[in-house]
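Take a look at the structure set out below.
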Amino acid sequence: MEATTHSIGADAALLRPIQKTTWRFWAFSSVLVGIWLWGMYAWRTQLGSGLDVTGLNVPVYWGLYITNFVFFIGISHAGTLISAILRLCNAEWRRPITRAAEVITVLVLFFGAGCVILDLGRPDRVLNVILHPNFRSPLVWDVCSISVYLTGSTIYLYLPLIPDIAILRDNTDRWHRLYRVLALGWKGTESQQRILNRCIAVMAVAVIPIAVSVHTVVSWVFGMTVQPMWHSTIFGPYFVVGAIFSGIAAILIAMAVVRKVYHLEPYLKPIHFSNLGLLLMVMALLWFYFTFAEFLTTYYGSDPSHMAVFSSKVTGKYAPQFWTMVATCLVIPLGFLANRRTGSKVWGCVVAAVSVEVGMWLERYLIVIPSLSNPRLPRADVSYHASWVEWSLMASFVAFFVFLYGVFTKFFPIVSIWEVREGREHALSQVIERVKRVLPGLPEAGQR
Amino acid sequence: MARWGMVIDLDRCTACQACVVACKVENNIPPTGADVAGRGRSISWMRLARNVSEHGEGAAPQWIPLPCMHCENPPCVKVCPATATMIDKEGLVAQVYPRCIGCRYCTTACPYTVRYFNWKKYDWPFPMEQSLNPDVSIRPKGVVEKCTFCHHRLQLAKDRARAESRLLAEGDYVPACVQTCPSGAMVFGDLDDRRSEVSRLAESPRAFRLMEELGTKPKVIYLSKGE
Amino acid sequence: MTVTRRRFIGLGLGAAGGAVLGIQGGRILSELGVSMQLPPRVPGGPEKHILSVCRLCPGGCGIRARCIANRAVKLEGNPLHPINAGRLCPKGQAGLQSLYHPDRIQSPLRRVGPRGAIGSFTPTSWEEALQQITVRLGLLRNQHRPETLVLVRGTSRGLGARLATRFMRAFGSPNDVSLYRGDEAASQALELTQGLRTMPVYDLQSAEYVLSFGGALLEAWDSPVYAMRAYGEFRQGNPGRRGKLVQVEPRQSATAVMADEWIAVRPGTEGIMAMGVAAALVAEELYDKEFVLRRTHQFEDYRDTQGNLQPGFRTLLERDFGLERVSAETGVSVNRILSLAREFAAARPSIAIGPRRGPLLPGRLFEHLAAHLLNALVGNLDGPGGVLVPEPVPQLPWPEMPADPVAQAGLARPPLVGAAGNGLAPVRSDVESLAEAILAKSPYGVEALFVLDSDPAFVSMAPALFTSALEHVPLVVSFATHPDDTALLADWILPQSHPFEAWDLDTTPPGVPFPLVSLAKPVLPLPQYDTRSAAQIFLELAKRLGGETAAAFPWPDVDTLIRAEVRGLYGARRGAVIGTSFDEAWVRMMERAGWWAPGYRSEDELWQRVEETGGWWDPFYDHWNWGRVLQTGSGKFEFRPKELAELAVDRWMKPLGFEKKTATDSRSESHLALLLFEPLAIAGGLGAQLPFLQEILDPGYEERWESWVELHPETAESLGVVNRSWVRVVSPHGSVRVRAQVSHRVVPGVAAIPLGLGQRGGGRWAEGIGANPLRLLSPIREPLSGLPDPGATWVRVVVDGTTSTATSTAVEAEKS
Ligand SMILES: Nc1nc2c(c(=O)[nH]1)N[C@H]1C(S)=C(S)[C@@H](COP(=O)(O)OP(=O)(O)OC[C@H]3O[C@@H](n4cnc5c(=O)[nH]c(N)nc54)[C@H](O)[C@@H]3O)O[C@H]1N2
Ligand SMILES: Nc1nc2c(c(=O)[nH]1)N[C@H]1C(S)=C(S)[C@@H](COP(=O)(O)OP(=O)(O)OC[C@H]3O[C@@H](n4cnc5c(=O)[nH]c(N)nc54)[C@H](O)[C@@H]3O)O[C@H]1N2
Ligand code: SF4
Ligand code: SF4
Ligand code: SF4
Ligand code: SF4
Ligand code: SF4
Ligand SMILES: [Mo]
């Protein structure tokens, strides 16, 4: 047993990215780090001059940073939540994709939280939230739920990593000490495995409500105010749906890249993509349902202050973005995914996913800015145009996220080796068991 | 305990904006310029809200002096993560500058849009700093500020009353905007004191509060035009 | 090794720790040198309150300056002061920005470079400056040409202005010219009907109904705070009764917005509208027959001095002002005119107000006259809630000037302005005629020109004309506190101290019925810079000139003069220091009986009390004193149908009523009637210089820092102009680039532009901001009054294609 646990055998391909790094990786990383450094310069500028260097104004007090905050936190639902659900459902096809998804969560959460720091007028005083917390503030709820989520997701990423780290410990020379420490003395004994599986299962259960709570609370940052088109009971589920939506799209993109770059075609098959694609399609419809419900309710209520925001989105100043959002979140993904010819292809799913990311970013933007631009007491028509500092910081966050993701793949297998193997070895019989248990007319094994 | 409140009689108000300027001078608002204005960044704790009526052509515009409402159920206070804005013991919605982290959640949550942010460090070109009011702190970069109901004047009035060993009387504590209003449109005082002019005016059939339906319970009460 | 529970917890803590560290990172970073600067502390110190007078406009408000450690930190109204009772307008509130303006002139300046730029000046000493100027002036006297010295004055009533006037007389020049105050036509209306050249005063506070023909009561009105206080009382100050305000004008001014009704008439037809209301009053027999019979003249047909029968006012109305015709002309329905007349007659006391004061509408005699006649028709003269005539301040006459042949000869020369005789007293406030005379060098050339308390190169009706006139004057001396447009054109700038840095005496402002003297004290212990008060400067100049000129100024210093003036009040044996509370009936009875109990028993005590309270006044107005308020030949109120008919001819205009004049204005290419308005915050020359006033430019719009032109949506559409786009407003005299503001607040066919922006100087907040529409005006004069009539300017509005993102518009004059 031990020998097989620690050797890699058929899955050597999964270790190759760790063992061998091409010049392309370095080149690409340099570009990403360059963008990041540029962003840090922009940040330096902002710290020196204050938020004066942004395009924000009265009354558009929030802009790109908060948009990105919501967007990133949304993406973070990719990993943990989706992987947890799939795990709990025993969806066997999940095995090669969970890791790629979970990493997104952990990394992107930092950037989400980072966006809030960027947005602060006084980042040096951020600890005041802990020193003088006001527990009635949804932002404090956010701080709590995001920290818990971050902790949970990190554990949830780490636990299934342990056997793989042990494999790395036993099969590679580099970073030996790191792997030894992180492997926590994993030997793959049956009792260890049992504990690990139990822990993973517990975490999977725990992490789902946390994840749901996170984006609910993010939505409440808006929903708990009385501002037009923010103050809505639908916001919690709406945001969660949007988060899962953009999260799935993020997984699809990440998978496609990893597959291509590390030649993981045997692991990440078109079926994985089209399965996720189906999920994405379901979410697109759900998202549309929520959006439609939200807008229709607003329209019928026709409260003037809400209508001002409504019409600025649907027919006014923000109409181009709004209709692009509808196209990219609904029309394009449906077009590609509902069509068998494209929906079953990797590229088809990726196109849909990219489109959804664009659309969901716009959706976040359109939640933040139009409501602020149309306060109940009208003000002079000052438009918000993000400044170079804001765009630079956004680019640097995306770049650095991609960079860190790449770095992760250089340290740890992006497809879970042991889970794939476990699937290969045990899943078939387990599935047969399950099917027998749930369907009549089959001989039942292992009755309890 | 007094419940400080303000009445603004729109039938007297001439939209002269003396209140706007008085507030700026009293509360050390920096002089800026076309550039800051063009970017929509001006700070004006008191401003004239312009509500061009949507019904029909030529309908008279409405101009309403708009300070902080010092809501009794203030949406801004609820959302502040760092307790940097709160209802102080005098019932005023106060702002603790050294604590504010500048998240601007309060500014987005206030339905009256009367909160302002310090986008940068502002300067008073020499010798304009001479006219700074020593009773009001200068706000650093990155924090939010708003109308305080001139609470420093309450402090001074109390000190004065104590020095004269008497109780605070009506008219001892008057904010800068109220003091200057040429048409006498603004009145300030204790809404709970039955004998005060504010409480009498607040009972007027012309009295209304802005966006009453939001449940913010403003302590600024308007009197509508007309008989 | 197994994963134990303890490890698990440890892991969790580790992750949490990591998260906290992430947050700590921000702290660490901020401590690494990017930390935020702490704000400066404002030093405290001993507190003082100093009473003075505002003087940033002619309003005459009393102020109470709060000073900490000898710094003025806040201006409030003097609560005892009868004009403002503790209140201040926005300009007064922003006053300290003027006192502490970073661009103030700090010492005498001599011009060494070309005219027009602050860089052309070099600092000099008072000694040097006064010496050189005295030499030049002495030369003029020696050459027996004292009349070639000209003084251009603003609206101030201070000792500086009074001493400057006396200086001109002592020196021997009749050319003491002031800017249009805007009250000229209103005063002429009173001159014609009541025989007094004085500004009428409206007792708003006690009126029931105000019918205003373009009188911007709530904007830059006479004494703005006094007017706004009265308005507050008019609306809600009298329990159980609320005054009603109806505003008749082509642009919905801030006053019209506050009014109960805005009646939009075609531009230039307010007078016709007033005559229409009068016709309705007479036709429906709603006028005060008793009053008309007993106190008026020329209502019915009358015989003139030659004994010929002349048509009376009634005949004129019936003949020329049929309601159908008035309605067609003004665009107001006959029914509305009738109902207005009924309301006006029913709600007594009701006041009609002309398009006053229209600083830039110094003409409009017809409108003022027509409005004023309405007051006579309802008998609302000199009573509470009616039209009053201000009582003069009892002042000790200044000592006679010694006989001086040079001066007498100079004074006998024809003045450069105001010589025209048209039956009315000459108008001396005419800088435009002055500029023309200077350019024409007729009847004589101008050798020296003083500019005091004014900025005519910016605020006069012909800025370009005035600017070029200055080029023909060899010696131009400005007494400006700030580098205003005129100062930049001077040879010498002798900076007077800021009004808040000097001792002065102020008297009754316009629009106020009672006599008032306010003491202005410096709010700072010493002037901030090397400046002197205007009063000091003129005393000094006279002394240096020596001879009879010096002898005309017997006061050793300003202080002595001020005390002498206050002493004069004691001699008047009436009135009281302000803030005294009295029982009016009782005091009146005592006064009639020859008793006078003012609360002070000696001149010294009066002085002391004036210092304590801020001034002196005589609050009681003697109503219905017909001998005082009706000084016409007939001793009655005269309806003046003859003059009215003559003026009306000029106002029957088609279309829009400008036909007649436009012949001279090349009508073919002009389409819109130009209408200028004066926002309260930046009225006059001072205002735009102060950032807090720029920020509140106009109540109708949020902060602008630029000029705009208001166009009716229909007008804009027909011109292809979209809201907020740049346009060029072009008249035959110049053009300005401004932003279009499409608005229902103007009638079609009008282009309305705010005044006050477009300075060339004025310091960092004014320079280059907006455009000065005065450059567009046509120099056309009204018949009879002889006053310029800016209402006669036609403009074109064209889309400005140039894509400029600049927020400010440069002042441009295509032609001058
Ligand atoms: N704060 C402050 N107050 C001041 C002054 C100051 O400097 N500062 N200055 C004082 C002085 S000196 C003066 S003269 C007054 C000026 O006070 P106002 O006479 O009130 O001056 P404007 O505001 O120009 O008023 C002119 C009005 O006439 C309108 N108008 C223009 N053309 C026409 C027309 O053809 N027909 C009619 N009916 N209306 C027309 C304009 O739209 C405007 O509403 O203000 C005095 N008050
Ligand atoms: N652009 C523009 N032009 C205008 C007008 C306008 O509103 N805008 N208004 C027009 C009208 S109605 C008028 S009356 C004229 C007014 O124009 P001016 O007569 O030039 O008067 P202002 O510009 O109001 O102010 C005169 C200056 O004198 C100072 N001053 C006043 N009193 C005293 C005093 O007692 N002592 C000292 N030392 N200084 C004093 C003030 O601070 C101010 O700087 O302008 C006319 N032209
Ligand atoms: S000062 Fe008084 S009259 Fe003027 S705008 Fe303010 S409330 Fe209205
Ligand atoms: S008006 Fe706005 S800032 Fe003021 S207390 Fe209410 S919610 Fe807060
Ligand atoms: S900006 Fe300051 S006062 Fe406002 S919510 Fe944030 S911490 Fe509180
Ligand atoms: S109460 Fe004081 S702080 Fe508030 S608007 Fe008035 S002057 Fe400003
Ligand atoms: S009305 Fe004139 S005098 Fe009175 S405060 Fe305003 S600027 Fe000063
Ligand atoms: Mo004037």
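The values are calculated or read from the model by the stated rules, or taken from the named source; none is laboratory data. Being a predicted model, the structure only gives us computed values, none of them experimental. Here the Cβ positions follow ideal geometry from the backbone for every residue, glycine too, while neighbour counts run over all protein chains shown. Ligands, DNA and RNA are stripped out before the accessible areas are found, and what is left, the full protein with its side chains, is counted by its heavy atoms. Shrake-Rupley method; radii C 1.70, N 1.55, O 1.52, S 1.80 Å.
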> To the nearest 20 debye, what is the magnitude of the charge dipole of the protein assembly as shown about its Cα centre, counting +1 on the Cβ of each Lys and Arg and -1 on the Cβ of each Asp and Glu?
Replying inline: 5800
> Across the residues of C:63-73, average count of Cβ atoms on other protein chains within 10 Å?
Replying inline: 3
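Relative to the present Cα-Cα distance, how much length would full extension add between A:V33 and A:V431 at 0.36 nm per residue of separation?
The A:V33-A:V431 span can extend by a further 138.7 nm.
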> What is the spin-label model distance, in nm, from C:Y444 to A:E190 if the labels are put 7 Å beyond Cα along the C-beta direction?
Replying inline: 12.9
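So how much slack lies between C:Q395 and C:R544, counting 0.36 nm per residue of separation and subtracting their Cα-Cα distance, in nm?
Value of the extension gain: 50.9 nm.
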> Where a Cα-Cα gap under 27 Å defines reach, which lysines qualify for C:K636, not counting those fewer than 8 residues away within the same chain?
Replying inline: C:K289
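Per residue of B:25-32, what is the mean number of Cβ atoms on other protein chains within 10 angstrom of that residue's Cβ?
Working: counts 9, 5, 0, 3, 2, 1, 12, 6.
The per-residue average across the peptide is 5.
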> Say the dipole of the protein assembly as shown comes from +1 at the beta carbon of Lys and Arg and -1 at that of Asp and Glu; which of B:S44, C:P456, C:Q93 then lies farthest toward its positive end?
Replying inline: B:S44
> Going toward the positive end of the dipole of the range A:1-111, with +1 on Lys and Arg Cβ and -1 on Asp and Glu Cβ, which of A:G63, A:P17, A:A100 do you reach last?
Replying inline: A:P17
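Let me check something: with ligands and nucleic acids excluded, how do C:R573, C:R601 order by accessible area (1.4 Å probe), largest to smallest? Walk me through the numbers before you get to the answer.
Working: C:R573 135, C:R601 185 Å².
My answer, sorted largest first, is C:R601, C:R573.
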> How would A:F110, A:F411, A:F397, A:F273 rank on accessible area, largest to smallest, probe 1.4 Å?
Replying inline: A:F110, A:F411, A:F397, A:F273
> From the Cα gyration tensor of the range C:160-260, with a ≥ b ≥ c the square roots of its eigenvalues, which class applies: rounded if a/c is under 1.5, or else prolate if a/b is larger than b/c, or else oblate?
Replying inline: prolate
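Rounded, prolate or oblate, given the Cα gyration tensor of the range A:6-153, with a/c below 1.5 counting as rounded? Let's see the in-between values first.
Details: a/c = 2.78, a/b = 1.49, b/c = 1.86.
Here the range A:6-153 falls in the oblate category.
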> Roughly how much of C:V798 is accessible, in Å² to the nearest 10, using a 1.4 Å probe?
Replying inline: 50
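Between beta-carbons, use under 15 Å as the cut-off and find the net charge around B:F126, counting Lys and Arg +1, Asp and Glu -1. Each step should come with its number before you reach the end.
Values: positive: C:R71, C:R104, C:R764; negative: B:D123, B:E129, C:D103.
Summing Lys and Arg as +1 and Asp and Glu as -1 gives 0.
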>> Between B:F126 and A:D303, how high is the FRET efficiency from 1/(1 + (r/R0)^6) when r is the Cβ-Cβ distance and R₀ = 45 Å? Nearest 0.05.
In response: 0.35
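Provide the gained length on full extension for the span C:H49 to C:L139, in nm with one decimal, where the gain is 0.36 nm per separating residue minus the Cα-Cα distance. Mind dumping the intermediate values first?
Values: separation 90, 0.36 × 90 = 32.40 nm, distance 4.71 nm.
Contour length minus the Cα-Cα distance gives 27.7 nm.
Sort A:Y149, A:Y299 from largest to smallest accessible area, using a 1.4 Å probe on the heavy atoms of the protein chains. Let's see the in-between values first.
Numbers: A:Y149 0, A:Y299 120 Å².
Final ranking, largest accessible area leading: A:Y299, A:Y149.
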> Against the longest principal axis of chain A, how steep is helix A:235-261, in degrees 0 to 90 to the nearest 10, with axes from Cα atoms?
Replying inline: 50
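How would you order B:197-204, A:129-136 from highest to lowest mean count of nearby Cβ atoms within 10 Å?
Numbers: B:197-204: 17.1, A:129-136: 15.2.
Taking the mean over residues of other Cβ atoms within 10 Å, the ranking is B:197-204, A:129-136.
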> Ignoring ligands, DNA and RNA, what accessible area per residue does chain C give at 1.4 Å, in Å²?
Replying inline: 35
> How much FRET efficiency would the formula 1/(1 + (r/R0)^6) give for C:R319 and C:E646, where r is the Cβ-Cβ distance and R0 is 22 Å, rounded to 0.05?
Replying inline: 0.95
>> Need the list of lysines near C:K543 for cross-linking: C-alpha distance under 28 angstrom, and skip anything on the same chain fewer than eight residues off.
In response: C:K521
> Ordered by packing density, taken as the mean number of other Cβ atoms within 10 Å over each peptide's residues, highest first, how do C:101-112, C:749-760 rank?
Replying inline: C:749-760, C:101-112
>> What whole-number distance in Å separates the alpha-carbon centres of the range A:147-210 and the range B:135-159?
In response: 55
>> Please identify the DSSP H helices in chain C that span no less than 27 Å along the helix axis (Cα) and have a mean Kyte-Doolittle hydropathy of 0.5 or more.
In response: C:5-29
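Rounded, prolate or oblate, given the Cα gyration tensor of chain C, with a/c below 1.5 counting as rounded?
On the way: a/c = 1.42, a/b = 1.21, b/c = 1.18.
Here chain C falls in the rounded category.
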> What distance in nm separates the simple spin-label points at C:A328 and C:E471, each placed 7 Å from Cα in the Cβ direction?
Replying inline: 4.9
> Listed highest first by mean packing, meaning other Cβ atoms within 10 Å per residue, what order do A:280-290, A:50-60 come in?
Replying inline: A:50-60, A:280-290
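Lys pairs in chain A, Cα-Cα under 16 Å, at least 8 apart or on separate chains: how many? List each step's numbers first, then the result.
Numbers: A:K20/A:K260; A:K20/A:K410; A:K260/A:K269; A:K260/A:K345; A:K260/A:K410; A:K269/A:K345.
Lysine pairs meeting the criterion: 6.
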> Taking the simple approach of a point 7 Å from Cα along Cα-to-Cβ for both C:R567 and C:L309, what is their distance in nm?
Replying inline: 6.4
> If you line up the long axis of helix A:23-49 against the longest principal axis of chain A, both from Cα atoms, how many degrees apart are they, to the nearest 10?
Replying inline: 30
> Say R0 is 45 Å: what FRET efficiency, to the nearest 0.05, do A:W175 and A:S383 get from their beta-carbon distance?
Replying inline: 0.35
> Hey, how many Å between the Cα centroid of the range C:712-777 and the Cα centroid of the range C:403-482?
Replying inline: 30
> What percent does the relative contact order of chain C come to when contacts are Cα pairs within less than 8 Å and at least six residues apart?
Replying inline: 16
> Under 16 Å from the Cα of C:K91, which lysines turn up, not counting those fewer than eight places away in the same chain?
Replying inline: B:K24, C:K74
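Kindly provide the helix-only [θ] at 222 nm of chain C, computed as the sum of -39,500 (n - 2.57) over DSSP H runs of four or more divided by all residues, to the nearest 500 deg cm²/dmol? Intermediate values should be presented prior to the final figure.
Numbers: 28 runs with 268 residues, N = 816.
After summing the helix terms and dividing by residue count, I get -9500 deg cm²/dmol.
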>> Looking only at chain C, where both bridge partners belong to it, what percent of the DSSP beta bridges are antiparallel (to the nearest 5)?
In response: 55
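Summing -39500 (n - 2.57) over the DSSP H runs of n ≥ 4 in chain A and dividing by its residue number, what mean residue ellipticity at 222 nm do you reach, to the nearest 500 deg cm²/dmol? Could the numbers behind the result be given before it?
Details: 21 runs with 319 residues, N = 448.
Computed ellipticity for chain A at 222 nm equals -23500 deg cm²/dmol.
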> How crowded by other chains is B:78-91, given as the mean number of beta carbons from other chains within 10 Å of each beta carbon?
Replying inline: 5
